Amino acid sequence: MKRAARPTVGRPGRGAGSSVNFGCSPRVIVHSGVCATVRAVDGARAMCGISGFLENRPRPEPEAIAIVAEMAQTLIHRGPDDDGVWTDANAGVALGHRRLAIIDLSPTGRQPMTSGDGRFVLTFNGEIYNFPELASRLRLAGVTFRGRSDSEVLVEGFARWGVIETLRQVEGMFALATWDRRDRVLLLARDRLGIKPLYWSQQPGLFLFASELKALHRHPHWSPPIDREALAAFLRFGCVPAPRSIYLDTYKLQPGMLLTVSRLGDVQQQAYWRLADIAEKQNGARQREQSIGERLDGLEAVLRRAIRDEMISDVPVGAFLSGGVDSSLVVALMQEQNARRIRTFTVGFAELDYDEAPYARRIAAHLGTEHTELYVDEREALSAIPDLPNWYDEPFADSSQIPTQLISRLARQSVTVALSGDGGDELFGGYERYIWARRIAILQASLPLPMRRSAARLVSAAPAPLFETVAARLPRRFRRPMLAQRLPKLASAIAADGSASLYRNIVSLWPDSSRLVPGAVEEDNLADKVAVGDRLGDPLEAMMFLDQLTYLPDDILTKVDRASMSVSLEVRVPLLNKKVVEAAWGLPIDLKVRGATSKWALRQILYRHVPAELIERPKQGFAVPLGRWLRGPLREWAESLLNPAMLGRSGLLEPEPFIARWREHCSGRKDWSQSLWAVLMYQAWSGHRS
């Protein structure tokens with residue numbers, strides 16, 4: 001479907017462009033202008049893929065090189081511009097690297113990289129935003145740099161300050177591995193919020209790591225079975241929660257962690273940064289007297305600095321723009337700090353309830369960006385589905401992975417780096433469930449559990465069409481997308497008994513997932529996290545804390561990383577900058593959520609740059625009409641995966657519960673699209689794997 005092109009009206013002094021067709025597709029509309037290449041600094045940066053292994057029985061060097069090179073080659077989409085390997089046959093260690101060049105692709109920036117004293121060898125995926133400052137301090141300490149890369153700053157920091165102290169000082173997104181040649185240990189680290197991925201696996205006599213699981217498959221001695229408990233957890237949450245992966249004895253390194261493995265296979269982990277420490281420290285410091293205006297000014301200054309630092313590049317930089325609060329604020333502060341027009345991108349759908357493109361278009365026109373919107377029909381959206389198992393490597397069932405894949409492809413045709421507004425919901429109270437958390441907490445305190453369970457049964461029994469009919473009769477500004485899908489979760493939340501149960505019920509797709517996987521016993525990995533959340537004193541903040549520890553890295557950031565890296569696009573998330581996280585936890589909760597208004601503080605800052613009438617509407621999210629698709633164009637595909645023979649082929653699933661929900665969904669009585677998407681993604685992944 002092609003929408004008529006509309007002229008873009010820029011701010012005074014920035015110029016206005018006319019709409020022109022973008023050559024690659026008749027459905028892509030560009031509001032023309034000048035592509036922004038944002039200022040560079042003296043340094044080399046790259047987004048990459050890393051891999052490697054440590055073996056107790058060293059193999060011949062040519063063989064080790066061949067294996068690690070093949071592992072790295074599977075990650076070429078993460079780094080198409082350069083590659084490198086480093087091995088020490090006597091030590092049994094091999095490191096691999098693929099590079100996506102962002103600044104200065106020179107020989108001095110190649111990886112794996114060795115420190116000047118020869119002690120540390122580094123393979124690094126990420127961006128260190130404060131590396132010029134760290135480089136200056138290292139020079140004062142006597143370090144001489146051979147090149148201009150943030151990777152070299154890291155490895156020289158390890159040599160001068162030690163690994164854990166360097167990690168505490170850096171600001172950025174990263175996953176890395178470094179071999180300590182003196183102490184003969186391998187060290188792995190991941191950034192504070194889990195923006196970049198890192199998997200590791202321990203087998204007898206073998207330790208493996210990589211940015212993605214597909215690289216581990218290329219080692220001849222890695223062939224682990226599926227982890228039943230991880231599969232059950234996936235069906236509950238729609239993603240495999242860290243530290244597990246879908247495979248036995250294979251894990252995600254958790255955010256803020258440093259892992260050390262010796263030649264003998266002894267694995268130890270320690271935190272160099274803990275979200276709980278920040279939340280509790282900042283919570284306790286909120287009593288300092290400041291006016292609301294002073295708090296907002298301070299937050300805006302932190303946001304502006306984070307966005308300025310994350311725009312640094314000498315390749316074209318753009319931004320995802322949905323027209324919501326988070327992405328609009330990021331784009332507004334980008335454009336304010338750039339003399340040239342920022343490129344912005346959005347994806348639109350024909351279904352009005354799922355189409356945010358008109359809102360994004362108006363924001364782009366007001367800010368004067370060069371805006372590109374892609375309107376996709378069902379056929380184009382659904383064409384992304386067959387590739388999903390390949391890019392995610394393990395089952396993943398957030399259906400917004402489809403539009404995220406599409407917008408990443410669109411942006412990559414014009415830019416190499418894009419900023420996004422991810423993290424704003426979790427840090428500043430953007431989800432409706434946060435508002436409901438307080439209301440449900442009041443219900444829990446005032447109504448006995450049996451009464452709440454009775455109310456939950458009544459809500460659950462109501463047919464989906466009833467709620468859809470009611471929603472359709474409301475004024476559009478009051479409608480809530482996916483209402484019928486959300487009500488079962490609301491019902492289960494009403495019946496919850498305690499904080500852990502409340503959170504688990506709200507985020508669960510299949511509440512009793514262990515019975516879907518015979519022999520699985522789900523771990524309660526929320527208990528310690530809930531205890532910290534409860535100490536924060538507000539059920540709303542407790543839920544935000546849990547989301548930042550679990551849903552954000554395991555779902556949101558995984559989705560963005562795999563979608564963007566599949567097309568070699570680097571996506572930066574300035575709202576998850578270390579200083580922004582600290583500032584967010586320093587805000588009183590009533591500056592995040594006021595009554596029924598979410599992200600209140602971000603809205604007030606945004607209104608300094610964009611009129612409120614362009615922003616104010618119900619939260620929509622990056623959703624697709626999945627329920628209708630499963631009853632229509634995807635029905636044949638879904639039925640091919642949900643028949644008893646296909647469900648039972650692995651021996652890991654109990655078919656009947658899935659078949660029952662599928663029948664109920666197809667009848668139109670209930671909308672089970674989100675929970676069915678989980679089993680469909682597992683089935684599709686399982687078929688791809690075999």
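The values are calculated or read from the model by the stated rules, or taken from the named source; none is laboratory data. What you see is a predicted model; the values in this text were computed from it and never measured. Note: ideal-geometry Cβ built from the backbone for every residue, glycine included; neighbour counts use all protein chains shown.
Details
- Matching entry among ALA638, ALA660 (being without any contact (Cβ under 8 Å) to a residue 12 or more places away in the chain and over 30 Å from GLY423 (Cβ atoms)): ALA660
- Residue match in segment 377-386 (condition: modelled with pLDDT of 95 or more and among the polar types (S, T, N, Q)): no
- All positions within segment 561-580 that are more than 26 Å from VAL532 (Cβ to Cβ) and among the hydrophobic types (A, V, I, L, M, F, W, C): ALA563, MET565, VAL567, LEU569, VAL571
- Helices (runs of 4 or more DSSP H) fully within segment 161-240 counting 1 or more residues that are in the same structural domain as GLY79 (by TED's automatic domain parsing), of a type in the set (Lys, Arg) and within 20 Å of the chain's Cα centre (by Cα): 213-216, 228-237
- Segment 298-335 - residue that is more than 18 Å from GLU582 (Cα to Cα), modelled with pLDDT under 95 and not β-branched (Val, Ile, Thr) and, of those, farthest from the chain's Cα centre (by Cα): ASP314
- The residues of segment 241-297 that are within 20 Å of ILE164 (Cα to Cα), under 26 Å from the mean Cα position of the chain (by Cα) and part of a loop (DSSP other than H, G, I, E, B), listed by number, are LEU253, GLN254, PRO255, GLY256, TYR272, TRP273, ARG274.
- For segment 557-580, the count of residues that are part of a helix (DSSP H, G or I) and free of Cβ contacts under 8 Å to residues at least 40 places away in the same chain is zero.
- Condition check for ARG148: under 29 Å from GLY318 (Cβ atoms), touching a residue at least 12 places away in the same chain (Cβ under 8 Å), crowded, with 24+ Cβ neighbours inside 10 Å and assigned by TED's automatic domain parsing to the domain that holds GLY194: no
- Test: residue in segment 106-121 that is modelled with pLDDT of 95 or more, among the hydroxyl-bearing types (Ser, Thr, Tyr) and not in a loop (DSSP other than H, G, I, E, B): yes
- Taken residue by residue, segment 607-627 has at least one member that is closer than 22 Å to ARG305 by Cβ, out of contact with any Gly (no Cβ under 8 Å at 6 or more places or on another chain) and free of Cβ contacts under 8 Å to residues at least 60 places away in the same chain.
- Residues (part of a loop (DSSP other than H, G, I, E, B) and surrounded by fewer than 24 Cβ atoms within 10 Å (Cβ to Cβ)) located in segment 68-102: THR74, ILE76, HIS77, ASP81, ALA89, ASN90, ALA91, GLY92
- If you go through segment 255-289 and keep only what is loosely packed, with under 14 Cβ neighbours inside 10 Å and not hydrophobic (A, V, I, L, M, F, W, C), you end up with ASP266, GLN268, GLN270, ASP277, LYS281, GLY284, GLN287, ARG288, GLU289.
- In segment 421-465, the residue that is farthest from the chain's Cα centre (by Cα) out of those that are modelled with pLDDT of 70 or more and small (Gly, Ala, Ser) is SER454.
- Number of the condition not met by ASP326 [criteria: (1) in contact (Cβ under 8 Å) with a residue 24 or more places away in the chain; (2) farther than 28 Å from ASP547 by Cβ; (3) of a type outside the set (Ser, Thr, Tyr)]: (2)
- Tally, over segment 581-599, of residues that are under 25 Å from SER400 (Cα atoms) and without any contact (Cβ under 8 Å) to a residue 60 or more places away in the chain: 1
- Yes/no for ALA339 being small (Gly, Ala, Ser), in a loop (DSSP other than H, G, I, E, B) and not assigned by TED's automatic domain parsing to the domain that holds GLN254: yes
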